[in-house]
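Asks: What follows is a structure written as structure tokens; I'll ask about it next.
The values are calculated or read from the model by the stated rules, or taken from the named source; none is laboratory data. In this text the structure is predicted, and so the values were computed from the model without any measurement. Virtual Cβ from ideal backbone geometry, glycine too; neighbours counted across all protein chains shown. Areas reflect the complete protein model, heavy atoms only, side chains present, ligands, DNA and RNA absent. Shrake-Rupley method; radii C 1.70, N 1.55, O 1.52, S 1.80 Å.
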Amino acid sequence: MSGQTLELLAIATTDLAAIVRGRSIRADRLDSTDAGVGWCPANLSLTPFGTIVDPNPWGTTGDVRLVPDRGARYRTVATGSPTPFDVVMAYIRELDGSPWPCCPRGLLKQAVDALCDKTGLTLKVAFEQEFQLFDTQLPLAHALSIAAMRQTDPFAPRLAAALEEAGIDPETLLAEFGRDQLEVTCTPADPITAADRAVAIREITRELARTMGWRASFAPKTAPQAVGNGVHIHFSLVDAGGKPATYSATGLAGLSDVASQFCAGILRHLPALTALTAPSTPSYYRLKPNSWSASWTWLADRDREASLRICPVTTIGGRQPAPQYNIEYRAADATANPYLAIAAIIRAGLTGIVERMPPPPVVAEHPEGLDAKRRKALGLERLPDGIDAALQALREDAVVTSWFPPDLLAAFNGVRQAEIARLKGLSAEEVCALYRELY
Ligand code: GLU
Ligand code: MG
């Protein structure tokens with residue numbers, strides 16, 4: 001305590017609109033807050049527009065607890081804000097401490113446990129996140145240039161320091177292709193930590209930009225013609241002994257049998273998964289062919305148009321492929337709840353393993369250039385071209401909907417329908433301008 005301020009710690013949950021919400025306690029009382037703080041079930045039906053979906057599965061009744069996961073605390077004084085950024089991620093629990101079935105973080109934990117129980121495997125995950133800076137008055141700078149990065153100084157080094165202090169282990173910070181667009185990555189971790197980090201990185205980035213008088217936006221498209229801001233989810237499988245299990249020297253494009261089944265499961269359910277990983281109207285301004293994002297149920301070796309991209313490995317310095325080898329899921333953005341996104345990827349991959357799905361083809365040509373017959377033979381399907389189509393794909397995929405409780409699906413659909421209604425009649429420019437502010 002400094003006399004002027006009493007430090008607060010936010011106990012946080014990330015909702016279906018990917019907004020991080022919660023309640024703060026005195027930071028010195030975390031130890032005695034093992035029962036968490038109160039929370040309202042209907043909060044899961046909040047929209048990004050400051051409204052609550054009505055009706056929703058809970059209405060005005062009921063109570064749950066936001067119980068802090070004390071190992072998932074992200075604290076830094078380096079954002080330049082007057083008091084520390086201090087957030088601890090929580091599980092939403094019933095009043096008796098049992099898991100609340102609709103908690104997104106809890107659903108990810110269940111998916112991780114299911115994968116481990118059925119296969120002995122775990123996943124290592126890292127998020128690669130793109131964002132743009134606004135209100136900077138920065139001059140035009142060349143794409144990917146050192147100057148584009150340096151002219152934001154000291155933004156990037158301060159971001160690196162803040163992430164490091166928060167225990168996030170930043171890896172690469174770079175100027176991306178778009179105007180004032182940057183990208184930040186961190187080292188891989190278990191799926192829950194990776195999602196926690198993705199959330200913390202966004203919040204810390206936004207706070208740092210704010211203290212510099214700028215705004216950081218992670219919206220999938222900040223203008224219809226702008227470069228997209230992607231959230232690329234990198235994953236690899238690890239066996240019970242902690243050894244990498246994604247790579248096989250003799251496998252197709254290096255995929256082990258189990259990794260190829262895991263990818264087959266994702267590809268099989270990808271149209272429905274897209275609703276969960278790219279859940280907003282502007283998500284589909286980004287998921288278009290020739291945008292370096294994703295638009296087909298397509299697994300490719302080192303092609304950035306593919307939805308599942310087998311990432312490169314290097315042999316420099318005698319490096320072995322197995323520990324580096326990973327797959328990148330590219331059809332995600334920051335309007336998606338990261339816990340549900342990975343939960344869905346894990347569940348889909350697990351289905352592929354359990355059903356021993358045949359290895360999916362690793363396709364070298366862009367599906368756009370293939371005729372319909374060839375695409376059909378290769379199992380290539382266009383991803384939904386809008387949120388309505390994605391929601392329909394989700395509704396029609398009984399396997400995907402079976403992974404989530406009906407109340408969660410109802411709340412998710414409610415939030416999406418509220419977004420669709422709110423955006424009715426808006427031009428793409430207006431939608432992008434709105435999401436640029438919201439995300
Ligand atoms: N900005 C692209 C996207 O929307 C990704 C560019 C890249 O490959 O990093 O996903
Ligand atoms: Mg990038």
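Asks: Roughly how big is the chain's charge dipole about its Cα centre, with Cβ charges of +1 (Lys, Arg) and -1 (Asp, Glu), in debye to the nearest 20?
Replies: Rounded to the nearest 20 debye, it is 380 debye.
Asks: Put +1 on the Cβ of each Lys and Arg and -1 on the Cβ of each Asp and Glu in region 312-439; which of VAL363, VAL399, ALA418 then has its Cα farthest toward the positive end of the dipole?
Replies: Checking the options against the dipole of region 312-439, the answer is VAL363.
Asks: If I stretch the segment between SER402 and SER81 completely, what's the gain in nm (0.36 nm per residue apart, minus their alpha carbon distance), one decimal?
Replies: 111.2 nm
Asks: Can you give the FRET efficiency to the nearest 0.05 for ASP388 and ARG21, using r as the Cβ-Cβ distance and R₀ = 30 Å?
Replies: That pair, ASP388 with ARG21, gives E of 0.70.
Asks: Here is a follow-up. Just grab the label-to-label distance for CYS40 and ARG422, each label 7 Å out from Cα along the Cβ direction, in nm (one decimal).
Replies: Each label point lies 7 Å from its Cα, and together they span 1.7 nm.
Asks: Expressed in nm to one decimal, what extension gain is obtained for the pair ASP96 and HIS142 from 0.36 nm per residue of sequence separation less their Cα-Cα distance?
Replies: 11.0 nm
Asks: With a probe of 1.4 Å, find how much accessible area the chain has per residue, and write the answer as a whole number in Å².
Replies: 42 Å²
Asks: Moving on. Compute the signed sum of charges (Lys and Arg +1, Asp and Glu -1) over the other residues within less than 13 Å, Cβ to Cβ, of GLU7.
Replies: +2
Asks: To continue, here is another question. Quick one: Karplus J couplings for region 40-52, per residue in order, coefficients 6.51, -1.76, 1.60, θ = phi - 60°, nearest Hz, x for Gly and Pro?
Replies: 10, x, 5, 4, 6, 9, 6, 9, x, 9, x, 10, 10
Asks: Rounded to whole Hz and in sequence order, give me ³J(HN,Hα) for region 388-401 from the Karplus expression 6.51 cos²θ - 1.76 cosθ + 1.60, θ = phi - 60°, writing x for Gly and Pro.
Replies: Using θ = phi - 60°, the values come out as 4, 5, 5, 5, 5, 4, 5, 4, 7, 9, 5, 5, 5, 5 Hz.
Asks: Using the Cα gyration tensor of region 207-255, with a ≥ b ≥ c the square roots of its eigenvalues, what is the shape: rounded (a/c below 1.5), prolate (a/b larger than b/c) or oblate (neither)?
Replies: Because a/c hits 1.5 or more and a/b fails to exceed b/c, region 207-255 counts as oblate.
Asks: Between SER291 and LEU6, how many nm apart are label points set 7 Å from Cα along the C-beta direction?
Replies: That separation, rounded to one decimal, is 4.8 nm.
Asks: While we're looking at this one, here's another question. Amide H neighbours of TYR247 under 5 Å, counting only residues 5+ apart in sequence or on other chains, H built in-plane at 1.01 Å?
Replies: Amide H neighbours of TYR247, under 5 Å, 5+ apart: SER256.
Asks: Check each of the trypsin sites (Lys or Arg not before Pro) in region 363-439 and keep only those in coil by DSSP with at most 15 other C-beta atoms within 10 angstrom; list them in order.
Replies: Counting only loop positions with at most 15 other Cβ atoms within 10 Å, the trypsin sites (Lys or Arg not before Pro) in region 363-439 are LYS424.
Asks: With a sphere of radius 11 Å drawn around the Cβ of ALA364, what net charge do the other residues whose Cβ falls strictly inside it have (Lys, Arg +1; Asp, Glu -1)?
Replies: -2
Asks: Nearest 0.05, what FRET efficiency do THR315 and ARG395 give at R0 = 41 Å with Cβ-Cβ as r?
Replies: 0.35
Asks: Assuming a ≥ b ≥ c are the square roots of the Cα gyration tensor eigenvalues, decide whether region 371-439 counts as rounded (a/c under 1.5), prolate (otherwise, with a/b larger than b/c) or oblate.
Replies: It comes out oblate by the Cα gyration axes.
Asks: Taking θ = phi - 60°, what integer Hz values does the Karplus form 6.51 cos²θ - 1.76 cosθ + 1.60 yield along region 410-416, in sequence order, with x for Gly and Pro?
Replies: 5, 5, 4, 5, x, 4, 5
Asks: How big is region 117-168 by Rg and Dmax over its Cα atoms, in Å?
Replies: 17.0, 54
Asks: Rounded, prolate or oblate: which fits the chain, taking a ≥ b ≥ c as square roots of the Cα gyration tensor eigenvalues, rounded meaning a/c under 1.5, else prolate when a/b beats b/c?
Replies: Since a/c stays below 1.5, the shape of the chain is classed as rounded.
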